[in-house]
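To keep things clear, I will list the structure first and then write my remarks on it.
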Amino acid sequence: NAIIITYTTCMIISGKEIQTKYIKILQDKVSEMEHKPVLVIIQIGENKASRVYINQKIKFGKLLGVPVEFYQLEEDVTLEFIQKLIGDFNHDDDICGIIVQLPLPQHLKQFQFEIIDAIEPEKDVDGLTSTNLKKLMSNEEGIVPATAKGIMTMLKESDLEVRGKHVVVVGRSVLVGRSLSQLLLNQDATVTICHSKTKNLATITKSADILITATGYPGLITKDHVSESQTVIDVGVTSTGELLEGDVDFEEVSKIVENISPVPGG
Ligand code: NAP
């Protein structure tokens, strides 16, 4: 009786290691600058989850030597006030980057485009102004949303070529799915975008060379959604009690695919 033993040779793509390398590059770059590039973050109203992200950005700025100025505005602030404040920052040569933390409070949600577009495109570090999004669409150099850019960096640093590959992206937000799909297309990948209304998700995801999921729906991608020799990048981050969970059933999926990024650490 033959005993068949199968070994999994799945490579773990470590975002942490790549991050460490880039922190060093950025620290060196900043230390050589005569005028330190100041980042301004504006938050309108209170939002606990957003505050966690802002604190991370402030901490990361410290690590790089980039001063971060944080402005918290009252929830009932007017559109005109916000636009005037952003205008002042646009004209301040010491300020190199401006972030308006999203989501906005309910009464300002309808003005999101006006608020973001008040930012000078060269200072729009989130890459969300219409000028930068248009550049992304037309494959011109501009500032692109950081998560999408980070995923492209992960693929490049892992020597995973996207040109000519079928890449399936699950999620279609401007911040992640759409921007990423456009970057992939700009680098000659064949891109399929899936979302919550997609039928036969598993059939589509199984056909990918590279599967990238960004939904915030833990356990969405199971062993039935993947096939051998695939690369799976899990962008999803959902906090479930003490734990952070991705979109992928890591335990099962890592037994099948060739490369995978874990959550956390991916
Ligand atoms: P979002 O705006 O809520 O978008 C989620 C997307 O997922 C939507 O397009 C939605 O489809 C799709 N979706 C939801 N449930 C689905 C399902 N059952 N099947 C297929 N598609 C489904 O979220 P986001 O801002 O793009 O963020 C997505 C995830 O990435 C979140 O977990 C977030 O925390 C994480 N994230 C991680 C980083 C990072 O640095 N790792 C950065 C940013 C975000 P519809 O459009 O049809 O609703």
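Dipole of segment 34-128 (Lys/Arg Cβ +1, Asp/Glu Cβ -1, origin at the Cα centre): which of PRO121, VAL100, ALA49 lies farthest to the positive side? So the residue furthest toward the plus end is ALA49. The H on the amide N of VAL100, modeled in the peptide plane, is under 5 Å from the matching H of ILE42, each at least 5 residues off or on a different chain.
Between THR238 and LEU26, the modelled label-to-label distance comes to 2.8 nm, taking each label 7 Å out from Cα in the direction of the beta carbon.
Provide the percentage of antiparallel DSSP beta bridges, counting only those with both residues in the chain; round to the nearest 5. Could the numbers behind the result be given before it?
Details: 3 of 33 bridges.
The antiparallel fraction comes to roughly 10 percent.
Rounded to the nearest 20, the Cβ-based charge dipole of the chain about its Cα centre (Lys and Arg +1, Asp and Glu -1) stands at 660 debye. Annotation: amide H-H contacts under 5 Å for MET11 (H modelled 1.01 Å from N, sequence separation of 5 or more, or interchain): ASN259, ILE260.
Taking the Cβ of GLY216 as the center, what net charge do the other residues with Cβ under 13 Å away carry, scoring Lys and Arg +1 and Asp and Glu -1? Don't skip to the answer; put the middle values down first.
Working: positive: ARG172; negative: ASP234, GLU245, ASP247.
Once all neighbours under 13 Å are counted, the net charge is -2.
Can you give the FRET efficiency for LYS36 and ASP76, using 1/(1 + (r/R0)^6), R0 = 51 Å, r = Cβ-Cβ distance, to the nearest 0.05? For LYS36 and ASP76, the calculated efficiency is 0.90. Take every Cα pair under 8 Å whose residues are at least 6 apart in sequence, average their separation, divide by the length of segment 173-229, and the relative contact order is 31 percent. Working from label points 7 Å from Cα in the Cα-to-Cβ sense, the LYS206 to HIS91 distance is 6.2 nm. To the nearest 10 degrees, how steep is helix 146-157 against the longest Cα principal axis of the chain, on a 0 to 90 scale? The two axes meet at around 40 degrees. Between helix 48-64 and the chain there is an angle of about 90 degrees, using the helix long axis and the longest principal axis of the Cα atoms. From the cross-link list LYS16/LYS165; LYS156/LYS223; LYS16/LYS57; LYS24/LYS135; LYS84/LYS135; LYS109/LYS199, which pairs have alpha carbons spaced over 19 Å apart? Exceeds cut-off: LYS16/LYS165; LYS156/LYS223; LYS24/LYS135; LYS84/LYS135; LYS109/LYS199.
Coordinate-derived values only; no laboratory data. Source: prediction; values computed, not measured. Neighbour counts run over all protein chains shown; Cβ positions are idealised from the backbone, glycine included.
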